[in-house]
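Reading through the structure tokens given below for one structure.
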Amino acid sequence: MLGLYIHIPFCKHHCHYCDFVKTVPRNQKVVDNYINKLVEEINSYKNYFDKIDTVFIGGGTPNFISDDSLIQVLEALKPIKTKEFTIEINPESYTEKQGQIFVKYGINRVSIGVQTFNEERLKFLNRAHTNKDVINAISSLKILGIENISIDLIFAIPGQQLSDIEHDLNEAIKLDIKHMSYYSLILEENTYFHYLYNRGLFSEVSEDLSGEMLENIIRKLEENGFEYYEISNFSKPGFRSIHNQIYWKFDDYIGVGLGAHGKLDGVRYYNERALNKYLKNTLYEKVELSTDDMISEEMIMGLRLISGINISNVESKYNINLHQKFPQIKEMIDLKLLTEESGYLKLTKKGLFLGNQVFQIFI
Ligand code: SF4
């Protein structure tokens, strides 16, 4: 499998928790210059076009740019025939005209930034949409024939209680969508929340409460027909994200755009993260992955999947014995953070909450 990720880094404003590569454009000229460069970069991968299985346009806010700018990108992608073509959107910028453009260019999956249905907390996060925007966008996309809709939600927002999670889950289930990504709020450096934290004005939700929240999320979504298939992802049967599975299964992917990265034929590359530098020269650096790097990444990414890692596949791919290579696996099994079942190594329920502790042994 080969995926193509395209980064559109523009946003209306900055959300308080966000550390993605993004910028608020000063004017249309900034966007035009970027899109021209992006299209040039997309075209530089023309030789791979017939091998690409999935395309994912992410951001930033890909639907914040004008229809003309979006069409310019989509025209460049037209020769690629994909199994899954996703675009991320923010509900407040969505228009029916955009939905029509998505359909015209073969976009068959839309991922919507919702985060919570509590409008006070949306303000706290500095999000710009309302619940009505979410409902309108989803109903318009469904009318246009886009059934494969995913939403992003966040838990462990300061002040949130289990009853708030219950409310968000009920609202999310009512939307009758195919996929949900449910992330725990992470306090990232260089965000406004981190600035508040350093001044004692922001307190994180305790580990116990956040663990309980995740447990409730898993239970409720499973009761409502969702499969829990990755640490932060749930889908109705048949609607797992094909693109994201490329990352978790350690397949190759091309990343284009500001701050994007890719992995192709054993080489990982990183694009420039500063707009002015990217416009001059897209690439920041290329790193040839050693066998140890690859094993380590494959283990960490693969363990994110609830089904875990097929032990014999990894052992034969790299000609290793997993237990000899990582003797600490036994320790993790004894601590009940990892388990081996039917030839798969996977995180236990306890391990899901303490994933980072487990991943350390593969670094
Ligand atoms: S809209 Fe998305 S990318 Fe933009 S600032 Fe908010 S979270 Fe970050």
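Figures for the structure shown
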read-out: Lys178, sole failed condition from (1) basic (Lys, Arg); (2) surrounded by 16 or more Cβ atoms within 10 Å (Cβ to Cβ); (3) more than 17 Å from Val110 (Cα to Cα); value: (3)
read-out: Tabulated pairs, region 82-99, first farther than 17 Å from Asp133 by Cα, second of a type in the set (Asp, Glu), C-beta under 7 angstrom, 6+ apart or interchain; value: Thr82/Asp53; Lys83/Asp53
read-out: Residues of region 170-203 satisfying the condition of being closer than 30 Å to Ser140 by Cβ and in a loop (DSSP other than H, G, I, E, B); value: Leu175, Asp176, Ile177, Lys178, Leu185
read-out: Residue match in region 204-216 (condition: in the same structural domain as Phe56 (by TED's automatic domain parsing), on the phi < 0 side of the Ramachandran plot and part of a strand (DSSP E or B)); value: no
read-out: Qualifying residues in region 83-109 (those that are within 26 Å of Leu122 (Cβ to Cβ) and aromatic (Phe, Trp, Tyr)) - the one nearest to the ligand (Cβ to nearest atom); value: Tyr94
read-out: Matching residues in region 144-188 - criterion: being farther than 25 Å from Phe353 by Cβ and without any contact (Cβ under 8 Å) to a residue 12 or more places away in the chain; value: Lys174, Asp176
read-out: Residues being surrounded by 14 or more Cβ atoms within 10 Å (Cβ to Cβ) and assigned to a helix (DSSP H, G or I) - total across region 117-126; value: 4
read-out: From the options Val114, Val21, residue that is in a loop (DSSP other than H, G, I, E, B) and either under 26 Å from Leu187 (Cα atoms) or not assigned by TED's automatic domain parsing to the domain that holds Glu171 (or both); value: Val21
read-out: Looking only at region 332-348, and only at residues there that are exposed (fewer than 13 other Cβ atoms within 10 Å of the Cβ) and in contact (Cβ under 8 Å) with a residue 12 or more places away in the chain, the one that is nearest to Tyr228 (Cα to Cα); value: Glu341
read-out: Region 351-363: number of residues that are exposed (fewer than 15 other Cβ atoms within 10 Å of the Cβ) and either farther than 29 Å from Met213 by Cβ or not aliphatic (A, V, I, L, M) (or both); value: 3
read-out: In region 15-41, residue nearest to the ligand (Cβ to nearest atom) [restricted to those that are over 18 Å from the mean Cα position of the chain (by Cα) and hydrophobic (A, V, I, L, M, F, W, C)]; value: Val24
read-out: Qualifying residue in region 43-57 (condition: more than 16 Å from the ligand (Cβ to nearest atom), assigned to a helix (DSSP H, G or I) and in contact with a strand residue (DSSP E or B) (Cβ under 8 Å, 6 or more places away or on another chain)); value: yes
read-out: Candidate set: region 293-326, residues that are within 25 Å of the chain's Cα centre (by Cα) and among the charged types (D, E, K, R); chosen: the one farthest from Ile246 (Cα to Cα); value: Asp293
read-out: Failed item in (1) in contact with a His (Cβ under 8 Å, 6 or more places away or on another chain); (2) on the phi > 0 side of the Ramachandran plot, with Ile329 passing the rest; value: (2)
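The values are calculated or read from the model by the stated rules, or taken from the named source; none is laboratory data. Given the structure is predicted, the values throughout are model-derived calculations rather than measurements. Note that each Cβ is placed from the backbone with ideal geometry, even for glycine, and that neighbours are counted across all protein chains shown.
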